[in-house]
């Protein structure tokens with residue numbers, strides 16, 4: 001049973017990672033009435049998040065160009081997932097932002113307790 005819960009927690013982390021990209025894109029497409037700005041921000045914001053994760057966090061740091069470990073990993077995750085929640089909040093989706101932040105905190109606590117990535 002615990003193995004199943006640990007697997008579900010890792011799946012949740014993956015879904016949260018995807019959620020950050022969706023949140024950034026959603027924010028980008030709501031940031032301005034100008035379609036050029038919407039398009040730039042809607043595609044550019046997720047692209048920036050992807051670049052950040054690829055360089056510092058991919059594969060739990062194992063596949064990253066410059067892997068963030070220890071305290072740097074904690075900061076990266078707070079910036080990454082916090083950025084997703086903040087993007088939702090900035091787009092006016094307050095309740096989804098709070099749920100997203102709560103799910104990240106739950107996921108992070110369980111990963112620490114269970115010694116997961």
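A few points about this structure:
- Options 82, 44, 59, 92: the member that is on the phi > 0 side of the Ramachandran plot, out of contact with any strand residue (DSSP E or B) (no Cβ under 6 Å at 6 or more places or on another chain) and either surrounded by 17 or more Cβ atoms within 10 Å (Cβ to Cβ) or part of a helix (DSSP H, G or I) (or both): 59
- Any hit, segment 8-23, residues being loosely packed, with under 14 Cβ neighbours inside 10 Å and over 15 Å from the mean Cα position of the chain (by Cα): yes
- Within segment 15-34, the residues that satisfy the criterion of being part of a loop (DSSP other than H, G, I, E, B) and without any contact (Cβ under 8 Å) to a residue 40 or more places away in the chain are 32, 33, 34.
- Any hit, segment 65-74, residues being surrounded by 16 or more Cβ atoms within 10 Å (Cβ to Cβ), farther than 26 Å from residue 2 by Cβ and at pLDDT below 95: yes
- For segment 95-117, a residue qualifies if it is farther than 30 Å from residue 3 by Cβ and buried (at least 18 other Cβ atoms within 10 Å of the Cβ), and exactly one does: 97.
- Candidates 39, 48, 12, 52 - the one that is in contact (Cβ under 8 Å) with a residue 40 or more places away in the chain and closer than 22 Å to residue 89 by Cα: 12
The values are calculated or read from the model by the stated rules, or taken from the named source; none is laboratory data. Model, not experiment: these values are computed from the prediction. Glycine also receives a Cβ, built like all others from the backbone with ideal geometry; neighbour counts cover every protein chain displayed.
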